[in-house]
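The values are calculated or read from the model by the stated rules, or taken from the named source; none is laboratory data. Nothing here was measured: the structure is a model prediction, and the numbers come from that model. Note: ideal-geometry Cβ built from the backbone for every residue, glycine included; neighbour counts use all protein chains shown. Each accessible area value is taken on the protein alone, full model and side chains, heavy atoms only, with ligands, DNA and RNA left out. Shrake-Rupley method; radii C 1.70, N 1.55, O 1.52, S 1.80 Å.
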Amino acid sequence: MAASPTNPYAEAGVDTVAGDLAVELMKSSVRATHGPEVLGGVGGFAGLFDASALLGYRKPLLATSTDGVGTKVAIAQAIDKHDTIGQDLVGMVVDDIVVVGAKPLFMTDYIACGKVVPERIADIVRGIAEGAAATGTALVGGETAEHPGLLGHRDYDVAGAATGVVEADAVLGAERVQDGDVVLALASSGLHSNGYSLVRHIVTGAGIGYGDNAADFGQTWGEVLLEPTRLYTLPLLRLIEALGGGVHALSHVTGGGIAANLARVLPQGSWAEVDRSTWSPSPVFRVLSDIAGSTLESAEGTWNLGIGFLAVVDAAKKDAAISALAGEGIPAWQVATIATGGRPTGHFEEGAKGVDGGAVRLVGAYADGAK
């Protein structure tokens, strides 16, 4: 009797059957993000989106963004919990698009792994799909790549790209910012997806395991650190519409921290001093800083410290903006006022990410109580 033929690709460590099963498990989640503009279903070589949806625009500009989640995935792998990383990915990618006032249209994802475990891949994609649905974004395609020998069996990384649209005369940014505008802070849900190399360094250095109980939080350390990124896209799009031109610029507080990211969306010659006393950083930041024996101020270029987004708005619309955001479940408060006159002496953050924008620094001491 002849021996069964072998599969050399499987012998090399790539399991195409597992990959097909992963696709089957994720199909319903992906389809749930599809509106009538999405054609072709799941599994095609390319996702199709009906561009006639743009015919109602006078001069549509496409906005695009790409990003990953960073080393936060190492914590998901350590405690074998993969259903929240997808929301983090959407937050990092889609929430960058709304900064210019754009409405997201569609997104694709990419997962590289050492070994395809169908249920794990399905969990990741389910999280991406749920995040995409929560931002009004269609998940139109993706790729799962198995890289044996390059990545360990438990290792994976995720990335994504998204495209949105905005009217040319409605683009938000530095050109709209005026002297006297108010800077509002929008609360974060925690660490979001930045600064996890520092987080992991602190936790590892303290001999803490991700499965250990975090007494301050009533959860394990892994669960605390995997708190999903808050999604701001739809609340901000509704705010832009409600304020009728009152929102002048937005800033997504990601890598680089509060000052650097705000400076990117301000005009040259403008400056702002962000008042630390207007809020108290979330407990997770305080506890990690205490463990490290460092100060909150020393992490200002790494962590969001409780502010996930910043909105520069017309001062006359400040109260309406705060009220609207509260209605969306997002605490917001004033942290600064934009000035264009003589700047105080001392160091300001400028030129972040290569942008010749404004100048920003944090001043004062953080409030002790919870905001």
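On the given criteria, is Leu262 within 17 Å of the chain's Cα centre (by Cα) and more than 25 Å from Asp169 (Cα to Cα)?
Criteria not met by Leu262.
Here's the yes/no breakdown for (1) aromatic (Phe, Trp, Tyr); (2) on the phi > 0 side of the Ramachandran plot; (3) touching a residue at least 24 places away in the same chain (Cβ under 8 Å); (4) in contact with a strand residue (DSSP E or B) (Cβ under 9 Å, 6 or more places away or on another chain):
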residue: Val99; (1), (2), (3), (4): no, no, yes, yes
residue: Phe106; (1), (2), (3), (4): yes, no, yes, yes
residue: Gly114; (1), (2), (3), (4): no, no, yes, yes
residue: Pro118; (1), (2), (3), (4): no, no, yes, no
residue: Asp123; (1), (2), (3), (4): no, no, yes, no
residue: Thr135; (1), (2), (3), (4): no, no, yes, yes
residue: Glu143; (1), (2), (3), (4): no, no, yes, yes
Taking segment 116-145, which residues are outside any helix (DSSP H, G or I) and either out of contact with any Cys (no Cβ under 8 Å at 6 or more places or on another chain) or open to solvent by less than 10 Å² (accessible area, probe 1.4 Å) (or both)?
-> Val116, Val117, Thr135, Gly136, Thr137, Ala138, Leu139, Val140, Gly141, Gly142, Glu143
Name the residues in segment 169-205 that are of a type in the set (A, V, I, L, M, F, W, C) and surrounded by fewer than 13 Cβ atoms within 10 Å (Cβ to Cβ), would you?
-> none
With respect to Ala46, determine if the residue is modelled with pLDDT of 70 or more and not in a helix (DSSP H, G or I).
-> yes
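In segment 60-75, what count of residues is obtained for those that are within 19 Å of the chain's Cα centre (by Cα) and in a strand (DSSP E or B)? Can you show your working first?
Filtering segment 60-75 for residues within 19 Å of the chain's Cα centre (by Cα) gives 63-75.
Right, trim to in a strand (DSSP E or B) and you get 63-68.
Count: 6.
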Single condition Ala78 does not satisfy, out of (1) under 17 Å from Arg230 (Cβ atoms); (2) part of a helix (DSSP H, G or I); (3) small (Gly, Ala, Ser); (4) open to solvent by 40 Å² or more (accessible area, probe 1.4 Å) | (1)
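Take the conditions open to solvent by 50 Å² or more (accessible area, probe 1.4 Å), modelled with pLDDT under 90 and of a type in the set (Gly, Ala, Ser) and apply them to Gly152. Does it pass? Walk me through how you get there before you give the answer.
Numbers: open to solvent by 50 Å² or more (accessible area, probe 1.4 Å): no; modelled with pLDDT under 90: yes; of a type in the set (Gly, Ala, Ser): yes.
In short, no.
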Every listed condition ((1) closer than 26 Å to Glu227 by Cβ; (2) out of contact with any Gly (no Cβ under 6 Å at 6 or more places or on another chain)) holds for Gly301 save (2)
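Consider segment 257-283. How many of its residues are outside any helix (DSSP H, G or I) and either at negative phi or among the charged types (D, E, K, R) (or both)? Don't jump to the end; show me each part of the working.
Initial filter on segment 257-283 (outside any helix (DSSP H, G or I)): 264-275, 279-282.
With either at negative phi or among the charged types (D, E, K, R) (or both) added as a condition, the list becomes 264-268, 270-275, 279-282.
Final tally of qualifying residues: 15.
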Would segment 231-249 turn up any residue that is assigned to a loop (DSSP other than H, G, I, E, B), of a type outside the set (Phe, Trp, Tyr), in contact (Cβ under 8 Å) with a residue 24 or more places away in the chain and under 24 Å from Thr71 (Cα atoms)?
-> yes
Can you confirm whether segment 324-346 contains a residue that is open to solvent by less than 20 Å² (accessible area, probe 1.4 Å), among the polar types (S, T, N, Q) and either modelled with pLDDT of 95 or more or within 23 Å of Asp96 (Cβ to Cβ) (or both)?
-> no
Could you tell me whether any residue of segment 284-307 is in a strand (DSSP E or B) and either among the aromatic types (Phe, Trp, Tyr) or open to solvent by 50 Å² or more (accessible area, probe 1.4 Å) (or both)?
-> no
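On the basis of being free of Cβ contacts under 8 Å to residues at least 60 places away in the same chain and closer than 23 Å to Thr135 by Cα, does Ser52 make the cut? Let's see the steps before the verdict.
Values: free of Cβ contacts under 8 Å to residues at least 60 places away in the same chain: yes; closer than 23 Å to Thr135 by Cα: yes.
Yes: the conditions hold for Ser52.
Please work out if Gly245 is within 21 Å of the chain's Cα centre (by Cα), open to solvent by 10 Å² or more (accessible area, probe 1.4 Å) and not aliphatic (A, V, I, L, M). Steps first, answer last, please.
Details: within 21 Å of the chain's Cα centre (by Cα): no; open to solvent by 10 Å² or more (accessible area, probe 1.4 Å): yes; not aliphatic (A, V, I, L, M): yes.
Criteria not met by Gly245.
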Touching a Leu at 6+ places or on another chain (Cβ under 9 Å) and more than 18 Å from Leu172 (Cβ to Cβ) - does that describe any residue in segment 92-100?
-> no
